[in-house]
1. Which of the residues that make up the range 128-144 are buried (at least 18 other Cβ atoms within 10 Å of the Cβ) and aliphatic (A, V, I, L, M)?
2. Open to solvent by less than 70 Å² (accessible area, probe 1.4 Å) and within 11 Å of the ligand (Cβ to nearest atom): which single residue out of 183, 176, 223, 191 fits that description?
3. I need the full set of residues from the range 203-214 which are of a type outside the set (S, T, N, Q) and touching a strand residue (DSSP E or B) at 6+ places or on another chain (Cβ under 6 Å), in order please.
4. Which one of these is touching a helix residue (DSSP H, G or I) at 6+ places or on another chain (Cβ under 8 Å), at pLDDT 95 or above and crowded, with 16+ Cβ neighbours inside 10 Å: 5, 39, 35?
5. Would you check which residues across the range 205-238 are in a loop (DSSP other than H, G, I, E, B) and modelled with pLDDT of 95 or more and list them?
6. Could you go through the range 28-36 and let me know if any residue there is outside any helix (DSSP H, G or I) and within 16 Å of the ligand (Cβ to nearest atom).
7. Residues that are without any contact (Cβ under 8 Å) to a residue 12 or more places away in the chain, open to solvent by 30 Å² or more (accessible area, probe 1.4 Å) and within 16 Å of the ligand (Cβ to nearest atom): does the range 14-22 have at least one?
8. Identify, please: which residue in the range 194-216 is open to solvent by 40 Å² or more (accessible area, probe 1.4 Å) and within 16 Å of the ligand (Cβ to nearest atom) and is, among those, nearest to residue 155 (Cα to Cα)?
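The values are calculated or read from the model by the stated rules, or taken from the named source; none is laboratory data. As the structure is a prediction and not an experimental result, all values here were calculated from the model. All Cβ positions, even for glycine, are placed from backbone atoms using ideal geometry, and neighbour counts span all protein chains on display. Just the protein is used for accessible areas: all its heavy atoms, side chains included, with ligands, DNA and RNA removed. Shrake-Rupley method; radii C 1.70, N 1.55, O 1.52, S 1.80 Å.
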Amino acid sequence: MIELGVNIDHVATVRQARQTVEPDPVWAAVAAELGGADGITVHLREDRRHIQDRDVRLLRETVRVKLNLEMACNDDVLAVACQVIPDQATLVPEKRQEITTEGGLDVLAQPDHVRRTLDALHDKGVFVSLFLDPVPAQIEMAKRIGADAVELHTGTYSLASPANVTRELKKIIDAGKLITSLGMRLHAGHGLTLHNVEKIAQIDAMAELNIGHSIIARALFIGLKEAVAEMKRKIVLP
Ligand code: PXP
């Protein structure tokens, strides 16, 4: 069964817009779990624009499913991760000016830097996934430096025009085969919605999908518990 990790950063974004205490991502995690989330995903960014250190600490105490911490290879965030010890860390690239994560981590450009973060997390017993574009050389390097899983970046697929969507999907399917043939766990995420998720969920050996924006957007109208439940129904294969 595919695990659904629900990314609740967007709840913290609404809170930070007023620098106040609500809505609390800790409450959102409870509602997501009640809707059937298999994991709670948060990105502690270097600039702390949405999720705060306090959120990660409280979530560690309260989340009963998998806690997945998205993070850049950055010493300050690594120190928090090594204190909190999430179940899983997903290493992502980070640029200050970006609206959201743009593309996968370039592990080929900085294998030693990524490996240092990965090794520090492994020393704490954390399962480590790398967020990568569906590029074979990146995936092979992830294996070489000891990654446990690869989360394939589905952003390009999700934004592809009808003329290009089949080509983008094929890149993800082929990359998925390589990831599993190398013995790593296959994850995917970014830009997935009720309308484009099925083809990704049908990929062989797909183990985990991390979805945020579209679930939180629908939650405004139907509630978070139901928004998670409807996504779960969509990704569970008959
Ligand atoms: N996976 C990773 C690594 C991400 O950075 C994000 C965005 O924070 C997501 C999944 C979720 O993307 P979306 O909000 O578009 O569903």
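1. The answer is 128, 130, 132, 135, 139, 141, 142.
2. On the way: 183 fails: within 11 Å of the ligand (Cβ to nearest atom); 176 fails: within 11 Å of the ligand (Cβ to nearest atom); 223 fails: within 11 Å of the ligand (Cβ to nearest atom).
Every option except 191 fails the conditions.
3. Of all residues in the range 203-214, those of a type outside the set (S, T, N, Q) come to 203-209, 211-213.
Result: 205, 206, 207, 208, 209, 212.
4. Details: 5 fails: touching a helix residue (DSSP H, G or I) at 6+ places or on another chain (Cβ under 8 Å); 39 fails: touching a helix residue (DSSP H, G or I) at 6+ places or on another chain (Cβ under 8 Å).
It is 35.
5. Residues of the range 205-238 that are in a loop (DSSP other than H, G, I, E, B), as a first pass: 205, 212, 223, 236-238.
Listed by number, the residues that qualify are 205, 212, 223.
6. Filtering the range 28-36 for residues outside any helix (DSSP H, G or I) gives 35-36.
Of the ones still in play, those that are also within 16 Å of the ligand (Cβ to nearest atom) are 35.
Scanning the range 28-36, I find at least one residue that is outside any helix (DSSP H, G or I) and within 16 Å of the ligand (Cβ to nearest atom), so the answer is yes.
7. The answer is yes, given that some residue of the range 14-22 is without any contact (Cβ under 8 Å) to a residue 12 or more places away in the chain, open to solvent by 30 Å² or more (accessible area, probe 1.4 Å) and within 16 Å of the ligand (Cβ to nearest atom).
8. Keep residues of the range 194-216 that are open to solvent by 40 Å² or more (accessible area, probe 1.4 Å), which gives 195, 198-199, 202, 204-205, 213.
Narrowing further to those that are within 16 Å of the ligand (Cβ to nearest atom): 195, 198-199, 213.
Details: 195: 14, 198: 15, 199: 14, 213: 12 Å.
Per the stated criteria, the residue is 213.
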